[in-house]
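S.K.: Before anything else, here's the structure in question.
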Amino acid sequence: MLRSMDEAIRYIEEKKIERKKKLEDLNVYVCVGTGCAAKGSIKVYEELRRIFKENNVKANLQKLEEKEERVRKTGCCGRCSSGPWVIVMPYGYFYSEVKPEDVKEIYEETILKGRPVERLLFTDPATGERVERLEDAKFYKVQSFYIMEDIGKCECDSIDDYMGRGGYLSFIKVLKEGNPDNVIKTIKDSGLRGRGGAGFPTGVKWEITKNSRGDKKFVVCNGDEGDPGAFMNRTLLERDPHAVLEGMLIAAYTIGAQKGYAYIRAEYPVAVEMFRKAIEDAKRLGLIGENILGTGFSFDIEIKEGAGAFVCGEETALLASIEGKRGVPRPRPPYPAQAGLWGYPTLINNVETYANVPKIIRDGAENYRKRGVPNSPGTKMFSVTGPVKLTGIIEVEFGTTLRQIVYEICGGLTGDNEFKAVQIGGPSGACLSEAFLDLPLDYDSLKSAGAMVGSGGIVVLSKKACMVEVARFFLDFTKRESCGKCIPCREGLMQAYRILERFTQGKGTYEDLENLEFLAGLIKTASACGLGQTAPNPILSTLRLFRDEYIAHIEGICPSGMCTAFKRYVINPELCKGCGLCARFCPQNAISGERGKPYVIDQEKCAKCGVCVEKCKFKAIEIR
Amino acid sequence: MKIFVDGKEVIIKDDERNLLEALKNVGIEIPNLCYLSETSVYGACRLCLVEVDGKSIVTSCNLKPYEGMVVRTNTPEIYEIRKGILELLLASHNRDCTTCERNGSCKLQEYAEAFGIRKIRFDNILKDGGMDNKSPIVRDNTKCILCGDCVRVCEEVQGVAAIDIAGRGFLSKVTPAFGHSLSEVECVYCGQCVAYCPTGALSIRNDVDKLYKVLKSKKKVVIGMIAPAVRSAIQEEFKLESDLFIAGRLNTFLKMLGFSKVFEVPFGADLVAYEEAHEFLNRLEKGEKLPQFTSCCPAWVKYVEEFYPSYIDNLSTVRSPQQAMGSVIKEIYSKEIGVSKEDIYLVSIMPCTAKKFEAEREEHKGVVDLVITTKELAQMIKASGIDISSTKPEPFDKPFNLYSQGGLDFGKTGGVLGTVLAVINHKVKVKNVKEEEIDKGIRLFNVELADGRNIKAMAVHSLGKAKRVLKDIKEGILDVDIIEVMACSFGCIGGGGQPYPNDSKIRQKRAKILSDMVNINPIASPQENPYLMELYEKYLEHPLSHKTHEILHTSYSPKRRVPEQDIEILPLPIPEEEKVKVRVCLGTSCYLKGSYKILSDLIEIVRKEEWAKNIEVVGTFCTENCSNAPNVLIDDILISGADTNKVKEMLREYVRRKQEGVSDVS
Amino acid sequence: MKLKRNFTKVEEILKKHEYRKDNLIKILLDIQKEYRYIPEDVINYIGVALDIPPAKIYGVATFYAQFSLKPKGKYTILVCDGTACHMAGSTSLIGAIKEELNIGPGEVTEDLMFSLDQVGCLGACALAPVMVINEEVYGNLTPEKVKEILKNLKEREMKNA
């Protein structure tokens, strides 16, 4: 239990020295983030611990530690598809796709002899080459790791390790200065914008909340990342929960809050566990609780879990959920900063936003602004999915172009896939075509292009993707997640979805197109919250940039070939031997013919199930 | 402050809640379907959008007005948005207006007409229906627009929360828990949800056909009686101005229809106030069962039975005016006219939904044969084609056609209390009455009696306020002697059976009309009502006599709030005859008094002790014996005020006797 | 559906969350974990304990996707009823399941081990008729094969118990 600021600083300095020594000594880091865990990294972790326990491993550290303590848990580096991965220090060897059976070899070669196991070294998909260290990989070099610092070597469940990286010094600095207005000025000057999607200037939000009157004030962390395909917040919470916690502490002190809530989706159990441990450890050291470090500032925090509602990512819906109610957004004004939880001023910020705060305090606003662009300083974590060579989490400075991300960092598209568009911002986002590849990614540029940064999900789409289907897919999601309160969203999204469904089934009409456009505009303008207001974005952007695809669907063709309704199963008479096998298996009795002569598929009856293709021994059935 | 609306300067009050309300108060109605002045702002319909200062389009229901703001309420863009929203609503709405209870008084219908909607561009996808017509309040979700008004009124104004929105997105629907019928849950039938519902999703069971059937058969003597509040509102259904003689005209109409006699419910009110005042003075003397609660309002009575059963004994045992009149007519008047009471068909015309429930209650079944609401009566008049405004008013029938000011005043808040105090004044002079408004809907009266005593009286309207008062009494903060509660805000004039719109503004208007009618009545208080005094002389003897107890008093009982169910805790797979079933009540009162501990102790006992091995432990909701909580049933024997030891002992004894084959156990 | 239920567990959960109204969602999450659904009598019980009207709790329980009001089996069986499967005999599979487990579509076995649902096309038509148990796909089925698969699962459960 640290009882004063000076004592805390001394403690942290000790941890810094310890950590430096630790990195020079033999330690093995295993990623236990959800992605790697799903591929069995926990078993690798346990196997490593077992092998360490049973053997006497030499160490330079003076402090006597349990042998298996040298096998440490770390969080995501962003390359989930290459997991489970392991880094052995002090060499820095970066092993990917490690299985429990590989541990023996790692032990014998690397741990005992200091030699790399070649076959396990990470192969950079962008270059096709093996690298020894994470820092040598191209994908690493072209990114700007700032929030995701010390990849591979930070222990996700250790407060001492966090302090060893200088953690909580920013918090203590703020406490020592005792000048909340100055903190606000720093955050404002830094130009930090909310990373949850809207990009609202964080400093201004803090200022309003600080100046709002109330007997109580709250800080809330929005960890309800619901965009399908986005997992930046999960990554952060799993790998560096203390960074988020420290940000919340600084915010709480600045605005005058005594209680905090971290709202994390129930679907992220590892993140919940890591954050829970972080709170426990911080309490133990006296960084959370009554009279923190003797400053008179008291703060308590608890975790509240979401229960499966995308709309709870919206601020006021999130507050309702914390209050134990249905996650239905509330009318704004009043804004949460003025009247939030139970009517009290409440600050809500995204996980990533909080993680930026300690760094800004540490580096100062001016230095922080050296990254990124003037209207959007700093970096952003993005998740990239789609047919590109490298998928996963990346961190880049604002201002990086789409081209850089898709081709330089992610190595371009795989196989014979050609670039068609990028969907950015999840179901609230928009599509950007090839013409926008050189668009710098920042809040304002994207806004003027009719898109938004959103939470940072990027889906790369190849020419095989049907843009109408993309719109339908996102509408399916948003209509299901609509809270149902306001008419434009509840009724409008359902009707818009039905129109899009008709399009993909080949039943769309010009009248439908007109109605779709009208609906999209209505829902965007009249909806009560961000979910409804942004749900039409996929429709609007695809209509703007790929209108020809919609027209094609009306005229009877799906240009990308993705919509099965447009597929026609046709028997090639030149290849058909007339065996009748397909006709026997056709569940619709759509195939007819005479033995020995080419059979014919009745297009009206064909359900496009594909059984005939599977059964035909002569590959005589074509899909056109 | 001064603002600019659609190019014109408008002066509004400085402290208005929001722009919508502010403009409403100066006669500018911005279209909306989900806004209620009486509840919190919901912001769901999005119809009330306005353009502010030429830039943003925002909802006016949560926009705070500021000096000099420039507002456009009806730009072409906004018009298109509103029309689109209405189209969307209509697309998933049951558009069978011609057969809907709200045909002609539906807000959605009104807007559809105003916006000239002739074609719906979108698919007609009906909401999941599930008609709930097991109670006097009828729910039809195919007509629900999910404005949430009913939910907010039930929760915020009435403090009951029997319904809420379940599900999410397009599949959302308003429903009681688990889709039960209103008749199966804690709904008290106050009908306030019906009062505020803008469409036909919530309506009152229409019983007019039943009446016509009886009239047609000509087999019964049809007698009617009209409540005070009806006459303050029925003219709204015909778009007429208030009419002091409307009651007389209604009487004439009913006679035209075939009613033999039509009486005044205010007479019954006088009767009730007279009885109740004596009951109160009696309780005051004995110092028991205080504070006394009035019991004329059936929704309030049900509320007490459901939520505060420990206060059941505080309710006045005097029946409501409807039931008291009914009783007098069936038991006394029938003899006077020489008709057997089975041949009388008594029809009560009320502003109230709960009255339909009251007439059908176990305690009152068969006294009043039919309850018709103000709206239903208006329908009957419209169907006849008769112009009610020019129908000659005729006096009601003797002997129940005279009433005091107080009797008529029963229709609005303070009326019952006022009349009771008037009777008290007659018996024990009242020196001074000081009125204090504690809160909207809660008035405190300090009554100084000539003999030095001080009575503290309260008039409360809306159940939400009643809840607060009960809480204060329970916690000892409030010390009151007699409380009048009306479940509907502003009293019966705001009942669920009154015409739509039925908001606070209209209710205040109706209150004024009723006041005018009250003030011209020459009879000041019940004891000046000669026919009432005659009734006592001839039949009832005196207040609180044996006769009045038979005819005018009643009793109440706790009501369970959830559908009947036993919850298996430790089921025993042995034949029923060999088991001893122990049911532990887990309802609120019993739970709060520790029934859970008894349950867990019993489970331990059954697990460990040999003699208890044939005992099956079951949880149950509500033995309806809440004032003697906790309750445990051993087979059919009820143990009240139970604790583990008591139950264990009795159980042991019971099991022993059962084994020995002894049949009588007590 | 008769289920053994011990309110001790419910009380434990309520106590763990300090009987706080704002912890309703956490409480329901624990109830869901414990019973694999949210039973009506538990909702009524919580309503009494926390002084929240049942209609409101029902509103919360039906809003969030994590909660289910119908019990889910440990093994959720989905029998495809798309065209191909239907033609190939999905109905006989339903019959086999009924014989082996005594449940029909939309039902759960008494011990909450298996639940059965009929679903639209799973997209595996070439393997018709198809059944999916907890995301594991079984194709080219016959009633006998179905019974065997279920028997194996039951055995596995007995061994683990």
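The values are calculated or read from the model by the stated rules, or taken from the named source; none is laboratory data. All of these numbers come straight from a predicted model, not from anything done at the bench. Every residue, glycine as well, gets a Cβ built from its backbone with ideal geometry; the counts of neighbours run over all protein chains shown.
S.K.: Looking only at region A:498-515, which residues are within 16 Å of A:GLU555 (Cβ to Cβ), part of a helix (DSSP H, G or I) and touching a Phe, Trp or Tyr at 6+ places or on another chain (Cβ under 9 Å)?
M.R.: A:PHE503, A:THR504, A:ASP512, A:LEU513
S.K.: Under the condition of being more than 19 Å from B:THR75 (Cβ to Cβ) and in contact (Cβ under 8 Å) with a residue 24 or more places away in the chain, which residue from region B:1-16 is nearest to the chain's Cα centre (by Cα)?
M.R.: Ranking the qualifying residues of region B:1-16, first place goes to B:GLU16.
S.K.: Related question: When region B:149-166 is examined, which residues are found to be surrounded by fewer than 24 Cβ atoms within 10 Å (Cβ to Cβ) and either within 11 Å of chain C (Cβ to nearest Cβ) or within 29 Å of B:ILE125 (Cβ to Cβ) (or both)?
M.R.: Scanning region B:149-166 gives B:VAL151, B:ARG152, B:GLU155, B:GLY159, B:ALA161.
Residue-by-condition table, conditions (1) outside any loop (DSSP other than H, G, I, E, B); (2) at pLDDT 85 or above; (3) of a type in the set (D, E, K, R):
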{"residue": "C:VAL42", "(1), (2), (3)": "yes, yes, no"}
{"residue": "C:LYS72", "(1), (2), (3)": "no, no, yes"}
{"residue": "C:CYS85", "(1), (2), (3)": "yes, no, no"}
{"residue": "C:LYS98", "(1), (2), (3)": "yes, yes, yes"}
{"residue": "C:LEU116", "(1), (2), (3)": "yes, yes, no"}
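S.K.: Being within 30 Å of A:ILE172 (Cβ to Cβ), modelled with pLDDT of 90 or more and crowded, with 20+ Cβ neighbours inside 10 Å is the requirement here; does A:LYS22 meet it? Quick ask: steps written out before the conclusion?
M.R.: Numbers: within 30 Å of A:ILE172 (Cβ to Cβ): yes; modelled with pLDDT of 90 or more: no; crowded, with 20+ Cβ neighbours inside 10 Å: yes.
So A:LYS22 does not fit the description; no.
S.K.: Would you say B:LEU146 is within 13 Å of another protein chain (Cβ to nearest Cβ), under 30 Å from A:LEU500 (Cα atoms) and not polar (S, T, N, Q)?
M.R.: Working: within 13 Å of another protein chain (Cβ to nearest Cβ): yes; under 30 Å from A:LEU500 (Cα atoms): yes; not polar (S, T, N, Q): yes.
Yes, satisfied.
S.K.: Which numbered condition in (1) more than 16 Å from the chain's Cα centre (by Cα); (2) outside any strand (DSSP E or B) is the only one that A:TYR354 fails?
M.R.: All conditions are met except number (1).
S.K.: Output the residues belonging to region A:180-193 that are crowded, with 22+ Cβ neighbours inside 10 Å and of a type in the set (Gly, Ala, Ser).
M.R.: Within region A:180-193, just A:SER190 meets the criteria.
S.K.: Evaluate the following for B:GLY169: is it within 14 Å of chain A (Cβ to nearest Cβ) and either surrounded by fewer than 17 Cβ atoms within 10 Å (Cβ to Cβ) or among the small types (Gly, Ala, Ser) (or both)?
M.R.: Spelling it out, B:GLY169 is indeed within 14 Å of chain A (Cβ to nearest Cβ) and either surrounded by fewer than 17 Cβ atoms within 10 Å (Cβ to Cβ) or among the small types (Gly, Ala, Ser) (or both).
S.K.: Here's another thing I want to ask about it. Failed condition for C:ILE52, given (1) buried (at least 20 other Cβ atoms within 10 Å of the Cβ); (2) under 30 Å from B:GLY594 (Cβ atoms), with all others met?
M.R.: (1)
S.K.: Does A:PHE231 count as crowded, with 24+ Cβ neighbours inside 10 Å, aromatic (Phe, Trp, Tyr), touching a residue at least 40 places away in the same chain (Cβ under 8 Å) and more than 14 Å from chain C (Cβ to nearest Cβ)?
M.R.: yes
Here's the yes/no breakdown for (1) over 26 Å from the mean Cα position of the chain (by Cα); (2) of a type in the set (D, E, K, R); (3) surrounded by 15 or more Cβ atoms within 10 Å (Cβ to Cβ):
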| residue | (1), (2), (3) |
| --- | --- |
| B:SER390 | yes, no, no |
| B:ASP397 | yes, yes, yes |
| B:ASP409 | no, yes, yes |
| B:GLY415 | no, no, yes |
| B:LYS429 | yes, yes, no |
| B:LYS440 | no, yes, no |
| B:VAL469 | no, no, yes |
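Residues checked against (1) charged (D, E, K, R); (2) at positive phi:
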| position | (1), (2) |
| --- | --- |
| B:ASP6 | yes, yes |
| B:ILE28 | no, no |
| B:LYS64 | yes, no |
| B:GLY68 | no, yes |
| B:ARG72 | yes, no |
| B:ILE78 | no, no |
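S.K.: Which residue out of B:ILE372, B:ILE386 is touching a residue at least 24 places away in the same chain (Cβ under 8 Å) and assigned to a strand (DSSP E or B)?
M.R.: B:ILE372
S.K.: Only one of these is in contact with a Leu (Cβ under 6 Å, 6 or more places away or on another chain) and under 14 Å from B:LEU408 (Cα atoms): B:ASN529, B:ASN519. Name it.
M.R.: The unique qualifying residue is B:ASN529.
A quick yes/no check of all residues on (1) among the hydrophobic types (A, V, I, L, M, F, W, C); (2) modelled with pLDDT of 85 or more; (3) at negative phi:
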site	(1), (2), (3)
A:GLU14	no, yes, yes
A:GLU18	no, yes, yes
A:GLU54	no, no, yes
A:ASN60	no, no, yes
A:LEU64	yes, no, yes
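S.K.: Does region B:62-92 hold any residues that are without any contact (Cβ under 8 Å) to a residue 40 or more places away in the chain, in contact with a strand residue (DSSP E or B) (Cβ under 7 Å, 6 or more places away or on another chain) and more than 11 Å from chain A (Cβ to nearest Cβ), and which are they?
M.R.: Passing the criteria: only B:THR75.
S.K.: Can you go through B:GLU87, B:GLU101 and tell me which one is crowded, with 19+ Cβ neighbours inside 10 Å and under 28 Å from the mean Cα position of the chain (by Cα)?
M.R.: B:GLU101
S.K.: I would also like to ask the following. Has region A:269-284 got at least one residue that is in contact with a Cys (Cβ under 7 Å, 6 or more places away or on another chain) and either more than 13 Å from every other protein chain (Cβ to nearest Cβ) or polar (S, T, N, Q) (or both)?
M.R.: The answer is yes, given that some residue of region A:269-284 is in contact with a Cys (Cβ under 7 Å, 6 or more places away or on another chain) and either more than 13 Å from every other protein chain (Cβ to nearest Cβ) or polar (S, T, N, Q) (or both).
S.K.: List the number of the failed condition for A:LYS141; all other conditions in (1) of a type in the set (Lys, Arg); (2) more than 21 Å from the chain's Cα centre (by Cα); (3) within 24 Å of A:ILE409 (Cα to Cα) hold.
M.R.: Status for A:LYS141: all satisfied but (2).
S.K.: For the subset of region A:288-332 comprising residues that are part of a loop (DSSP other than H, G, I, E, B) and among the polar types (S, T, N, Q), which member is nearest to the other protein chains (Cβ to nearest Cβ)? Steps first, please.
M.R.: In the first step, residues of region A:288-332 are kept if they are part of a loop (DSSP other than H, G, I, E, B); the result is A:288, A:290-291, A:295-298, A:306-309, A:314, A:323-332.
After this cut, where a residue has to be among the polar types (S, T, N, Q) as well, the list is A:291, A:295, A:298.
Details: A:ASN291: 23, A:THR295: 28, A:SER298: 19 Å.
Applying the filter and picking the extreme gives A:SER298.
Table: residues versus (1) at the interface with chain A (Cβ under 10 Å from one of its Cβ atoms); (2) surrounded by 20 or more Cβ atoms within 10 Å (Cβ to Cβ); (3) at positive phi.
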residue: C:ARG36; (1), (2), (3): no, no, yes
residue: C:PRO39; (1), (2), (3): no, no, no
residue: C:TYR45; (1), (2), (3): no, yes, no
residue: C:ILE57; (1), (2), (3): yes, yes, no
residue: C:PRO71; (1), (2), (3): no, no, no
residue: C:LYS74; (1), (2), (3): no, no, no
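S.K.: Report yes if A:PHE477 is at pLDDT below 95, within 14 Å of chain B (Cβ to nearest Cβ) and either crowded, with 24+ Cβ neighbours inside 10 Å or closer than 18 Å to A:LEU540 by Cα (or both), otherwise no.
M.R.: Yes; evaluated as a whole, the condition is true for this residue.
S.K.: List the helices (runs of 4 or more DSSP H) inside region A:532-598, counting only whole elements, that have at least 1 residues being more than 30 Å from the chain's Cα centre (by Cα). If you could, list the steps in order and put the result at the bottom.
M.R.: Numbers: elements: A:537-545, A:547-554, A:581-585.
Ranges flagged: A:547-554, A:581-585.
S.K.: Only residues that are in a loop (DSSP other than H, G, I, E, B), within 18 Å of C:VAL108 (Cβ to Cβ) and either more than 7 Å from every other protein chain (Cβ to nearest Cβ) or among the small types (Gly, Ala, Ser) (or both): list them for region C:59-69, please.
M.R.: C:SER68, C:LEU69, listed by residue number.
S.K.: What about A:LYS485, is it within 14 Å of chain B (Cβ to nearest Cβ) and not acidic (Asp, Glu)?
M.R.: yes
S.K.: Have a look at A:GLY415, A:GLY426, A:GLY392 and point out the one that is touching a residue at least 60 places away in the same chain (Cβ under 8 Å) and within 24 Å of A:GLY561 (Cα to Cα). Give the steps one after another, and end with the answer.
M.R.: Numbers: A:GLY415 fails: touching a residue at least 60 places away in the same chain (Cβ under 8 Å); A:GLY392 fails: within 24 Å of A:GLY561 (Cα to Cα).
Within the list A:GLY415, A:GLY426, A:GLY392, the selection yields A:GLY426.
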